[in-house]
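Chemist: I am attaching a structure below and will ask some questions about it afterwards.
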Amino acid sequence: MKKLPVLSLLLWVCAVYFVGIYLFVGGFLLVRLEVNRTSTCGDVLQPGEEPADFCRVRPRFRRAVLLIIDALKIDFAWFDPNNTSPRPYENKLPVLEETVTSRPSHSRLYPFRADPPTTTMQRIKGFTTGSLPTFVDVGNNFASSAILEDNLIHQFGQVGKRVVFMGDDTWENLFPKKFHRSLPFPSFNVKDLHTVDNGILQHLYSTMVGEDWDVLVAHFLGVDHCGHRFGPDHPAMADKLTQMDGVIRSVIDRLQNDTLLVVMGDHGMTDTGDHGGESQKETDAAIFLYSPSPLFPGPPTQSEPDVVPQTDLVPTLALLLGVPIPYSSVGQVLLPVFPPHGQTGGAVGGLSQLEALWINAKQVNRFLETYSGMAKDIPPESLSQLKSEFSRLSSDYLATVRDGRPPSPRLAASLQAYLTSVRATCRATWARFNPLKMAAGLAILAFACLTCFIVSELSLVLIRESGPGLKPPVAVAFIAGVCVAVVQIGKQGYVEASWCLAAAALSSELLFLWRARRYRAVPVEKNGSKALKSPSWLTPRRLLIPPLLVPLLRCASLLSDSYVIAEGRAVTFLVFSLALYIPIHLNWDGLLLPPSHDPLKAAGFLPSPALSPSTVRKESGTLLACLGVLVGSLYLSLSFHACREEQGSCQPSPFLSPLARLQDNQLKNLHYVLSVLSLGLWTYLLKRCLRHYGNLNASSGAVFTARWILPLTSVCLALHWAVGATPEDSFRNLSELIGLAQLALPRAAFCLLGLGLFLIWLDPLTVFIKPKATTPTRGQSQTPPRYRASTGISTQAELHHLIPQIYQRMRRSLDDGEQVVGSEVDSSPAVKAYGLGTVYSAPLLLFCGMLGIGLLLLHPEGMALSFLLLLLEMGALLHMHASSTTLRGLHGTFSADFNVPWTPVVLWSLAATQFFHATGHLPTFPSIQWGAAFVGFPDGHTGTVLPASLVTLNTFASHILFSVGCPLLLFWPLVREVRGSRGGRACGDEGEDAVMEMRLRENPQRFTAALLQLATRYLFILGAQVFSSVCAAAILRRHLMVWKVFAPKLMFEASGFLVSSVSLLIGVALVLRVDVAVGGWFKRLIPEASR
């Protein structure tokens, strides 16, 4: 078998896909241009008659305390005295309502609306810079880099204010060396509810009574972590909010008259405690403003805002504390905290409402002029309209000041409308695209899909020496990339790697396609002669077949936001429909039932059918039974779906919640028992299958993994679930032991998993050799070997899966089919080998089984049942494919062509997407199960690579399992060859026993070609899905739902393709590794058997 051409072709195809994705994403998800300028107290904003705008009047407040309660949802802050039975998160912050009611001139409570993405780092950027985030910023949430834009922290330091920070260590990464004193605490461990909060409380009050600070920032994380771990509707949330209520009361008691208190949340949370998206539950936090001195003119009025955007906090705090507004801020001052015109004297001081608005408008106009000069992405008509509006407002304001008349209320309203328009224009503009990169990415992806399809059609030709190799395309790619790099250096002085990669990928694709034109007519062997296949690969007859129409329909549907929202159920329906097509199509061709009696066949004038009627009935029954198992699995898998915000009344699956969140002990015990039973069945079914085919008799590393490591890993997983479900307040005397178990059990499972996978790769053979004890005389009937208890297989299985003629086939298989010259070998079995008929599929199946347990470890316990359904569905699909292949043998004797049809390949890829949803995942950022990052690492991580890898493995678990197991589609019809052909000669010559997967070694070239074709067909389906998502994002880039639906879908499809491609390469490489081991085993065995 030729290994290098298979891997090199697959790596090349994957590489061009990766380049296309990289280019398109680079053009679609660009970060907006940052203006690296800062405001100063000496700035003169135009038009200006004053010597300076910022810092020219005495500030309203000398000090400020900012209490950031992470994920303080507005629902947590409201207080309803009529609610006699509040939920755990309701009515737990009464201090806010009490203060607003008793001191209306000193305090206000507003909804505080964040701009998506609602992740902590982006929110800190938003309410310190006053700028709007872009979609791609969400990717930086766990790799916080320093903020380079002008911001409040920089401005405080610039005017000499001492900023003291304590809490979430994200601030230390965003503002390195900017604080007068800093007390950061690790923030990444979402299971830790108390470390950060308790650390703050140890220093908060003592700092407040001191004199070495001007701005105090305290960022609490307990509420956010409680939401992630338990959800908002849990007693732990009530305890956390009650603690925060006490903190706010204590801070209020220690405030001085010249100090402003701001209590706020950076974002909200969903009903499951997650955040990151743009639903109102995630964007609406709370903000509470208070000062011991009067802060507002009076009680709330109708003119006050219903909602305060987070960006508005920046100019408001800047002007209240007497520092310049950050240069890039597009926020609008909160007018109620500024006194009306003419009431700024006395103790109030500071700026009036109109003065604050005027400074704010001039600052925003300056930023708009600077930004539009640097970046040309703001539409000219919008920019011209905003400039003319500001010019008109400037004339009105300056005329009012010059004449000394009181300003009209319309002027303030017009300034507010101008600021709102600027922010809306910027928000609409900062989805910047690079059309050239997007077009290049689209072209490369389109050619990659075409190339992948052609490689699958020409797999046999490409494996042969005369086929179009990869050396010319790779050489041309290298030359094209170097040429583009040289041109770039000559013209612009630096190299932009993306265009070098684009030139390399496109040139190699085009050259390959041009060279492949000569191979349209593919020679195939038929009855000893050569025939030609179809002269074209892209004819409608070859493309418009039901198995390909289904993925094409799905790809077209990705242009619909309604389909993307309901994709989980839609893909389940597509899997069901295509699976139902298999028996319908067989019945249409007259292959599902035994053929009727034909006297001509009985008389010998026509050839007899390849399979006996009993075999046909048996295979048909197996196919229909597996269809029933598939339908049942599909139906039950719908019980594990999560819900999108757009789905309204949808209720997420209760199995998505970890056991620790469940408060009903009976329900918790029931979920645990179901999970353990599912895990036990997963382990039992894998071992049962391996034992049935005689693969548990050898002494190899793979067999050791199946016998010992697989069950031990399952036990560790079950114990880990039990420990994780234990409430923190129970077994206090064993708290240290429980904490150690939470650390040790998952790590032990990880170690066992790594050891098992390594042993499978190192020693994958599961073959047990039994030499012939006695030589029977000619004509003597040969009795099967007796059953030995140590083998662990039944006599029937031994009869089915013993390879009696293996010695002859070893001779023919050695050195890829080289014939051995010598005397005729005795017909009696010289060597009996158990498990040789499944030598390829057994290690691959075991590898997938071990990998599945490892991936289940990263999911909530309730997903064990979903993983069991995944295993059953994989088995049902494999058996349906095998039965269909056997029934199609009615057309003649067994063919040496091992190619896998499109139908099972498409079903396999759809099942991967279906179980992506059936394991509680959605193509949205709030649905990411961040808790996977802390399995085995409850104290958090020092870097971001490991947690990101764990979250990726959790998110794309179904993609990984189906991609690694994809070669099973090639092997399974051969695995079931014995059962499906005992009634006739479908497996070879008369009197010859079936040899199952050993048939692949009779024609290694076709084996290699079939493996390459299967892999490229699977990649083609996955690539077509990515290409469709890319087209949807490009066409609908100005659609209302682009950032909420289509952009996340693109990111998840692209990431899923990357993970699936790598997983498929691992599966194919494992098959090639087994083939190397089988070849070495033959070479070692034959000299021994010949002696």
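Chemist: Take the conditions open to solvent by less than 50 Å² (accessible area, probe 1.4 Å), closer than 30 Å to residue 434 by Cβ, among the hydrophobic types (A, V, I, L, M, F, W, C) and in contact with a helix residue (DSSP H, G or I) (Cβ under 9 Å, 6 or more places away or on another chain) and apply them to residue 337. Does it pass?
Modeler: no
Chemist: So residue 80 clears everything in (1) outside any loop (DSSP other than H, G, I, E, B); (2) open to solvent by 60 Å² or more (accessible area, probe 1.4 Å) except one condition, right? Which one?
Modeler: (1)
Chemist: Also: Answer yes or no as to whether residue 385 is free of Cβ contacts under 8 Å to residues at least 60 places away in the same chain, out of contact with any strand residue (DSSP E or B) (no Cβ under 9 Å at 6 or more places or on another chain) and not acidic (Asp, Glu).
Modeler: yes
Chemist: Can you tell me which residue among 1059, 1076 is surrounded by fewer than 22 Cβ atoms within 10 Å (Cβ to Cβ), assigned to a helix (DSSP H, G or I), of a type outside the set (Asp, Glu) and modelled with pLDDT of 95 or more?
Modeler: It is 1059.
Chemist: Looking at the stretch 172-225, which of the residues that are small (Gly, Ala, Ser) and part of a loop (DSSP other than H, G, I, E, B) is modelled with the highest pLDDT?
Modeler: That would be 210.
Chemist: Being of a type in the set (Gly, Ala, Ser), in contact (Cβ under 8 Å) with a residue 40 or more places away in the chain and over 25 Å from residue 204 (Cα atoms) narrows it down to one residue among 114, 71, 77; which is it?
Modeler: Result: 114 is the single residue among 114, 71, 77 that is of a type in the set (Gly, Ala, Ser), in contact (Cβ under 8 Å) with a residue 40 or more places away in the chain and over 25 Å from residue 204 (Cα atoms).
Chemist: Moving on. In this structure, is residue 429 under 31 Å from the mean Cα position of the chain (by Cα) and buried (at least 21 other Cβ atoms within 10 Å of the Cβ)?
Modeler: Criteria not met by residue 429.
Chemist: Pick out the one residue from 316, 301, 259 that is surrounded by fewer than 24 Cβ atoms within 10 Å (Cβ to Cβ) and at pLDDT 90 or above.
Modeler: Going through 316, 301, 259 in turn, the sole match is 259.
Chemist: Any residue at all in the stretch 711-734 that's among the acidic types (Asp, Glu), without any contact (Cβ under 8 Å) to a residue 24 or more places away in the chain and either open to solvent by less than 80 Å² (accessible area, probe 1.4 Å) or part of a helix (DSSP H, G or I) (or both)?
Modeler: So far as the stretch 711-734 goes, no, none of its residues is among the acidic types (Asp, Glu), without any contact (Cβ under 8 Å) to a residue 24 or more places away in the chain and either open to solvent by less than 80 Å² (accessible area, probe 1.4 Å) or part of a helix (DSSP H, G or I) (or both).
Chemist: Tell me, yes or no, whether the stretch 12-33 has at least one residue that is in contact with a Ser or Thr (Cβ under 9 Å, 6 or more places away or on another chain), open to solvent by 20 Å² or more (accessible area, probe 1.4 Å), modelled with pLDDT under 90 and outside any loop (DSSP other than H, G, I, E, B).
Modeler: Yes, there is a match, as at least one residue in the stretch 12-33 is in contact with a Ser or Thr (Cβ under 9 Å, 6 or more places away or on another chain), open to solvent by 20 Å² or more (accessible area, probe 1.4 Å), modelled with pLDDT under 90 and outside any loop (DSSP other than H, G, I, E, B).
Chemist: From the residues in the stretch 185-214 that are exposed (fewer than 15 other Cβ atoms within 10 Å of the Cβ) and among the polar types (S, T, N, Q), which one is farthest from the chain's Cα centre (by Cα)?
Modeler: Filtering the stretch 185-214 for residues that are exposed (fewer than 15 other Cβ atoms within 10 Å of the Cβ) and among the polar types (S, T, N, Q), the one farthest from the chain's Cα centre (by Cα) comes out as 206.
Chemist: Let me ask something else. Among all residue pairs at least 6 apart or on different chains, which show Cβ distances below 6 Å where the first residue, located in the stretch 80-105, is of a type in the set (A, V, I, L, M) and the second is open to solvent by 30 Å² or more (accessible area, probe 1.4 Å)?
Modeler: Every condition considered, the pairs that remain are 95/249.
Chemist: In addition: Six or more apart or on different chains, Cβ under 8 Å: which pairs go from a residue in the stretch 476-501 that's under 18 Å from residue 436 (Cα atoms) and free of Cβ contacts under 8 Å to residues at least 24 places away in the same chain to one that's part of a loop (DSSP other than H, G, I, E, B) and open to solvent by less than 80 Å² (accessible area, probe 1.4 Å)? Could you list them?
Modeler: Pairs that qualify, where the first residue is under 18 Å from residue 436 (Cα atoms) and free of Cβ contacts under 8 Å to residues at least 24 places away in the same chain and the partner is part of a loop (DSSP other than H, G, I, E, B) and open to solvent by less than 80 Å² (accessible area, probe 1.4 Å), are 485/495; 488/495; 488/496.
Chemist: Just checking, does the stretch 90-109 include any residue being farther than 26 Å from residue 301 by Cα, open to solvent by less than 50 Å² (accessible area, probe 1.4 Å) and in contact with a Lys or Arg (Cβ under 8 Å, 6 or more places away or on another chain)?
Modeler: no
Chemist: Assuming residue 438 fulfils every condition listed in (1) over 32 Å from the mean Cα position of the chain (by Cα); (2) crowded, with 20+ Cβ neighbours inside 10 Å apart from one, which condition is it?
Modeler: Evaluating residue 438 over (1) over 32 Å from the mean Cα position of the chain (by Cα); (2) crowded, with 20+ Cβ neighbours inside 10 Å leaves (1) as the failure.
Chemist: Which residues, taken from the stretch 1026-1053, are open to solvent by 10 Å² or more (accessible area, probe 1.4 Å) and under 28 Å from residue 8 (Cα atoms)?
Modeler: Correct list: 1027, 1028, 1051, 1052, 1053.
Chemist: Let me ask another. For the structure I just gave you, tell me whether residue 938 is within 30 Å of residue 572 (Cβ to Cβ) and in contact with a Leu (Cβ under 7 Å, 6 or more places away or on another chain).
Modeler: no
Chemist: Please state which one of 885, 838 is within 37 Å of the chain's Cα centre (by Cα), modelled with pLDDT of 65 or more, among the hydroxyl-bearing types (Ser, Thr, Tyr) and open to solvent by 20 Å² or more (accessible area, probe 1.4 Å).
Modeler: Every option except 885 fails the conditions.
Chemist: Continuing with this model, one more query. List the pairs whose first member sits in the stretch 1029-1050 and is farther than 16 Å from residue 279 by Cβ, whose second member is hydroxyl-bearing (Ser, Thr, Tyr) and surrounded by 21 or more Cβ atoms within 10 Å (Cβ to Cβ), and whose Cβ atoms are under 6 Å apart, counting only residues at least 6 apart or on separate chains?
Modeler: Pairs found: 1049/1029; 1050/1029.
Chemist: I would also like to ask the following. Here is a check on your reading of the model: is residue 391 open to solvent by less than 60 Å² (accessible area, probe 1.4 Å) and without any contact (Cβ under 8 Å) to a residue 60 or more places away in the chain?
Modeler: no
Chemist: Cβ-Cβ below 8 Å, separation at least six or inter-chain, first residue in the stretch 671-690 and at positive phi, second hydrophobic (A, V, I, L, M, F, W, C): which pairs?
Modeler: none
Chemist: Return yes when residue 420 is among the β-branched types (Val, Ile, Thr) and touching a helix residue (DSSP H, G or I) at 6+ places or on another chain (Cβ under 9 Å) and no when it is not.
Modeler: So residue 420 fails the test.
Chemist: Condition test on residue 702, is it small (Gly, Ala, Ser), in a helix (DSSP H, G or I) and free of Cβ contacts under 8 Å to residues at least 60 places away in the same chain?
Modeler: Judged against the criteria, residue 702 is not a match.
Chemist: If you go through the stretch 644-666, how many residues are within 17 Å of residue 924 (Cβ to Cβ), open to solvent by 40 Å² or more (accessible area, probe 1.4 Å) and among the small types (Gly, Ala, Ser)?
Modeler: 1
Chemist: Filter the stretch 236-276 down to residues that are in contact (Cβ under 8 Å) with a residue 40 or more places away in the chain, farther than 19 Å from residue 198 by Cβ and out of contact with any strand residue (DSSP E or B) (no Cβ under 8 Å at 6 or more places or on another chain), then give me how many there are.
Modeler: Final tally of qualifying residues: 7.
Chemist: Another one. Within the stretch 268-282, is even one residue under 31 Å from the mean Cα position of the chain (by Cα) and within 29 Å of residue 208 (Cα to Cα)?
Modeler: Looking through the stretch 268-282, at least one residue is under 31 Å from the mean Cα position of the chain (by Cα) and within 29 Å of residue 208 (Cα to Cα).
The values are calculated or read from the model by the stated rules, or taken from the named source; none is laboratory data. On a predicted model such as this, the values are computed, not experimentally measured, just so you know. When we count neighbours, we look across all protein chains shown, and the Cβ atoms used for this are built from the backbone with ideal geometry, even at glycine. Just the protein is used for accessible areas: all its heavy atoms, side chains included, with ligands, DNA and RNA removed. Shrake-Rupley method; radii C 1.70, N 1.55, O 1.52, S 1.80 Å.
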